[in-house]
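Participant: Handing you this structure, nothing more for now.
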Amino acid sequence: MLKLGLVGQHITKSLTQTFFQELSEIYNIELSYDLFDTFNQNISIEEKLKELSDKGYKGLNITYPYKEEIFQFINSKSEEVKLVQSINTVMIDNSISAYNTDYLGFRHILKTNKIQNNINVLIIGSGGVGRSVANACGQELNANIYLYDINLLKSEKLHHGLKENKIKSEVLNENNYISLLNKIDLICNCSSLGHDQNPGNPLGEIKDCKENAIFFDAVYTPSNTEFLSQAKKYGFKTIGGLELFIYQGIESFLIFTKRKELREKLMSSSKQFVSKYQNLYK
């Protein structure tokens with residue numbers, strides 16, 4: 001049996017276990033999927049990986065707060081990991097191989113939602129997901145990236161990484177990021193604000209945003225965040241975090257199971273999974 005799991009903090013509401021178990025039943029693949037919440041545990045992510053490897057785990061999804069920390073000590077990195085410098089998926093064999101399915105998943109979002117090239121994108125939150133979204137927009141759309149994080153140093157660090165990847169970006173502060181909304185085409189909340197355990201809206205009132213602006217929220221618990229609810233109120237197009245969750249989950253599943261022939265089937269059924277799980281996290 002293929003032993004898989006998720007490592008992070010505050011993950012009790014994660015949908016990953018349910019999703020992987022459902023996929024395993026549909027495609028008759030023997031696997032187990034466990035959650036490892038390290039909150040209040042005095043253990044590093046490197047130590048946790050060693051512990052789980054010794055217990056026979058072969059594939060792990062990595063989430064907050066480890067996506068950037070884990071980058072430092074894994075040598076075998078996929079091309080998107082080298083680009084983003086953040087990791088959310090590892091395969092454990094004789095060595096550890098790292099991937100970033102957030103990046104791969106957001107590329108699908110850009111494609112399926114037909115997001116145009118050469119647009120202005122605001123990324124709120126410069127952590128692991130923000131890194132993936134910013135790089136995907138820069139690489140796939142040749143977008144101008146605007147970065148905002150309450151931790152200015154994180155935005156500046158991401159800005160320098162984007163510069164190395166030849167992606168245009170600018171760091172905003174709390175005094176100017178709201179004033180620029182009337183020129184932004186795609187607004188992405190990649191922070192945890194709006195989560196069940198961290199309610200709120202990173203923009204507050206959004207009626208002054210650019211006409212035809214698109215709103216994406218990486219948060220999916222709840223599926224209809226305050227951020228998205230406000231955008232819908234004024235008639236803006238919205239993209240929920242469940243889309244990213246499903247797309248990146250499919251990419252992880254394909255990596256773990258090595259069943260690349262299932263890609264087309266899984267991608268064609270992605271919208272059905274999104275609709276199904278929306279009812280679980282209203």
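Participant: Cβ-Cβ under 7 Å, sequence separation 6+ or interchain: first residue in segment 256-282 and not assigned by TED's automatic domain parsing to the domain that holds Asp196 and among the hydrophobic types (A, V, I, L, M, F, W, C), partner at pLDDT 95 or above and part of a helix (DSSP H, G or I). Which pairs?
Facilitator: So the pair list comes out as Leu262/Leu254; Leu266/Ile250; Met267/Ile250; Phe273/Ile246; Val274/Leu242; Val274/Glu243; Val274/Ile246.
Participant: Among the strands (runs of 3 or more DSSP E) lying completely within segment 44-125, list those that include at least 1 residues that are over 22 Å from Leu15 (Cβ atoms) and among the polar types (S, T, N, Q).
Facilitator: So the answer is 96-99, 120-124.
Participant: Considering each of Ile167, Ile150 in turn, give the residue that is at pLDDT below 95 and of a type in the set (A, V, I, L, M, F, W, C).
Facilitator: Within the list Ile167, Ile150, the selection yields Ile150.
Participant: Right, something else. Restricting to segment 1-24, count the residues that are among the polar types (S, T, N, Q) and either part of a loop (DSSP other than H, G, I, E, B) or closer than 12 Å to Leu60 by Cβ (or both).
Facilitator: 4
Participant: Oh, and also: Would you please name the residue that is nearest to Ser192 (Cα to Cα), looking only at residues in segment 23-45 that are loosely packed, with under 14 Cβ neighbours inside 10 Å and of a type in the set (D, E, K, R)?
Facilitator: Restricting to residues being loosely packed, with under 14 Cβ neighbours inside 10 Å and of a type in the set (D, E, K, R), the top hit is Glu25.
Participant: On to the next question. Of the residues that sit in segment 161-207 and are of a type in the set (Lys, Arg) and assigned to a loop (DSSP other than H, G, I, E, B), which one is surrounded by the fewest Cβ atoms within 10 Å (Cβ to Cβ)?
Facilitator: So, considering only residues that are of a type in the set (Lys, Arg) and assigned to a loop (DSSP other than H, G, I, E, B), the one surrounded by the fewest Cβ atoms within 10 Å (Cβ to Cβ) is Lys166.
Participant: Does Ser191 qualify as being of a type in the set (Ser, Thr, Tyr), in contact (Cβ under 8 Å) with a residue 12 or more places away in the chain and out of contact with any helix residue (DSSP H, G or I) (no Cβ under 6 Å at 6 or more places or on another chain)?
Facilitator: yes
Participant: I'd like the residue in segment 208-218 that is in contact (Cβ under 8 Å) with a residue 12 or more places away in the chain and assigned to a loop (DSSP other than H, G, I, E, B) and, out of all such residues, is nearest to Phe106 (Cα to Cα).
Facilitator: Ala218
Participant: A further question on this structure: Restricting attention to segment 91-114, does a residue exist that is touching a Lys or Arg at 6+ places or on another chain (Cβ under 6 Å), of a type in the set (A, V, I, L, M, F, W, C) and more than 28 Å from Asp185 (Cβ to Cβ)?
Facilitator: Checked against the condition, which is being touching a Lys or Arg at 6+ places or on another chain (Cβ under 6 Å), of a type in the set (A, V, I, L, M, F, W, C) and more than 28 Å from Asp185 (Cβ to Cβ), segment 91-114 yields at least one hit.
Participant: If you take the residues in segment 170-199 that are among the polar types (S, T, N, Q) and under 19 Å from the mean Cα position of the chain (by Cα), which one is modelled with the lowest pLDDT?
Facilitator: This residue is Gln197.
The values are calculated or read from the model by the stated rules, or taken from the named source; none is laboratory data. What you are looking at is a predicted structure, and each value in this text was computed from that prediction instead of being measured. In this analysis, Cβ positions are derived from the backbone assuming ideal geometry, glycine residues included, and neighbour counts consider all displayed protein chains.
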